[in-house]
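Everything below concerns the one structure shown next.
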Amino acid sequence: MFTSSLSTQQQRELARRLTTFLSQYSHVSDSYIIEFFTEDLWHTLPPSWQPVLQDLSYPQIADLLLDAAHTDKRYPSVWPLSLLAFRATAHALAFPRERCGAGGRGGAAGSEKPEEFLHNQSQSALLGHAFRKHVKPKKQHEIRKLGQLVKQLCDQTDCSSVVDVGSGQGHLTRFLSFGLGLSVTAIEADHTLVAMASKFDGQLLLALEKERQKKNCSPLVPVSESSPRHLAGWVNPKASWEAFIEQLSVSDWVDDGVPTPSGPSRKRLRGSELQGPSAEKCCSCGENSQRHPDFVLTGLHACGDLSATLLRHFVSCPYVRGITSVACCYMKITTEENPAPPGVVAAPRTSVQEALHSEFGYPMSSFVGGLPGHRLSYKAREGACHATEDYIRRLREESELLRTHCYRATLETFVRETRPDLRRAGIQTIKKAHLLPFTEYARLGLARVGLPPGLPLAPQRVEAMLKQQRRVVVYFSLALLLAPVVETLVLLDRIIYLQENGVGSQLVPLFDPNLSPRNFVLVALKAPETPKEEKNGKSQTKICQSLVKKVT
């Protein structure tokens, strides 16, 4: 399903239904599975649900609850209508995660890798070998698909420049630059990743040069004309688009120590050198600045508020002609109720201008923000980041990994009884926890929260709780059923935000969800300049839909 098939009224009606449904079952989406025993979560479910759910086998949980595409609905017992309605509504409201014509693998049921990996599970047959080095299969799949879409968007908007935000080690950047011939500026907050990206650029250049020499091709073009430009910097979500453009305009030449094909290390821009030849007055401060060419903005799994920030810059900045946005880490989005989620440093405000840009990451649209029940808790947004397809595979395989949640919930009981202030203490992942006896798991976990590893554990109580593993798995699956619904609301809010600003968009499951759980890409472009009252987004939406079809 393409979201462009929904009218503005249908989008808003869907948002109403989503907020109503999610607010009704917020006690499930907001619950922490590690508190299964301490909060007696099982008995918070409707009494009529409990007897039919507790007897489900793991494959039945996958087929009857989580897999929307599974057609063989042989229920082992009569289900209450309220449970059937809960399941059906959750699947009906969520955006489909499998693209149309994806080979009939059946949405979440699929377990095969995309066809490009049929001959070699670690190397995409559709991506040149030079771009596969240092790149895992998941990322190979993503950079090829997204890169092709960005190129289509550049051609449509007549842009040859791209800004890749949150570029990491530069895998997408290199494919856009060396593979598709685009002029790319990459900005990444982690200086270590920026250094690695430059190093990998050099390795790729050497590999390309060797390949050309073997084929007796013309020499490699000068590095300054072909290499992507890397900038180490944090994109402040509170800053204006003018500050963002200024950040991209840094022209700091540094010696990165990476040898060029001709031998010595090169001097390269740490900034983007986006500026053109003519200077003009800055629209915000009156200072002399360089004019910037138009560019396309992209972010592959831009974390938390970064995706929302890029959408705001796209709407406000006259130089940004198009955007492809792939989001992740919804729990790190700021909200009015949760302006500084765990692990997120509050953005400083360094000027009066930046103080004007204080919007939160959710909701972005005025419409969704005005709906009763629109609030999404940190836990609900964290749940929306889970890999549903992977959990379905575990259920069908009856994997031993399924015992991990029960282990942690059992341990939480003893931790809370010993130290009530250690509620939801972070134990982090214990290596191969599912293969350990519970006593060993508990010994390692207790030490991590500062409790005596030899803390006495009542064996009979432990045994009784571990016997409820199936109930724990069922409850977690109910929460997981809501995860795509939460993600749909977050992404629909962004679609409506663009619509409110006169921009049509397209949301499409571009990546294979079995390989890339956060597989939706939001695509938008600005139409040629027209009076604001004439902009309704319809023409942009049709163009976006055409671009996506070419790639998928």
- Once phi is turned into θ = phi - 60°, what whole-Hz ³J(HN,Hα) does the Karplus curve with 6.51, -1.76 and 1.60 give for every residue of the range 405-417, x standing for Gly and Pro? 4, 5, 4, 5, 5, 5, 4, 4, 4, 6, 4, 5, 5
- Task: Arrange the following residues from fewest to most other Cβ atoms within 10 Å of their Cβ: Tyr58, Tyr441.
- Result: Tyr58, Tyr441
- Message: Explain nothing, just compute: Karplus ³J(HN,Hα) = 6.51 cos²θ - 1.76 cosθ + 1.60, θ = phi - 60°, for every residue of the range 431-442 in order, whole Hz, x for Gly and Pro.
- Response: 4, 6, 4, 5, 9, 8, x, 4, 4, 6, 4, 5
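Could you sort 485-496, 84-95 so that the peptide with the highest average Cβ count within 10 Å comes first and the rest follow in order? Intermediate results must be reported in sequence, preceding the final value.
On the way: 485-496: 24.2, 84-95: 16.9.
My ranking of the peptides, most packed first, is 485-496, 84-95.
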- Query: Could you give the distance between the Cα centres of the range 309-335 and the range 61-78, to the whole Å?
  - Reply: 37 Å
- Query: Between Leu435 and Leu206, 0.36 nm times their residue separation minus their Cα-Cα distance comes to what?
  - Reply: 78.0 nm
- Which ³J(HN,Hα) values in Hz, rounded to whole numbers, follow from the phi angles of the range 122-136 under the Karplus curve 6.51 cos²θ - 1.76 cosθ + 1.60, where θ = phi - 60° and Gly and Pro get x? 10, 9, 6, 6, 9, 10, x, 4, 5, 9, 9, 5, 6, 10, 6
- Computed FRET efficiency, Cβ-Cβ of Lys199 and Leu81, R0 45 Å: what is it to the nearest 0.05? 0.15
- Ranked on Cβ counts within 10 Å of their own Cβ, fewest leading, Val508, Val184, Val194 go Val194, Val508, Val184
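Each value in this text was obtained by applying a stated rule to the coordinates, not by laboratory testing. Bear in mind the structure is a predicted one, so any value in this text is a computation, not a measurement. We place every Cβ from the backbone using ideal geometry, glycine too, and count neighbours over all the protein chains shown.
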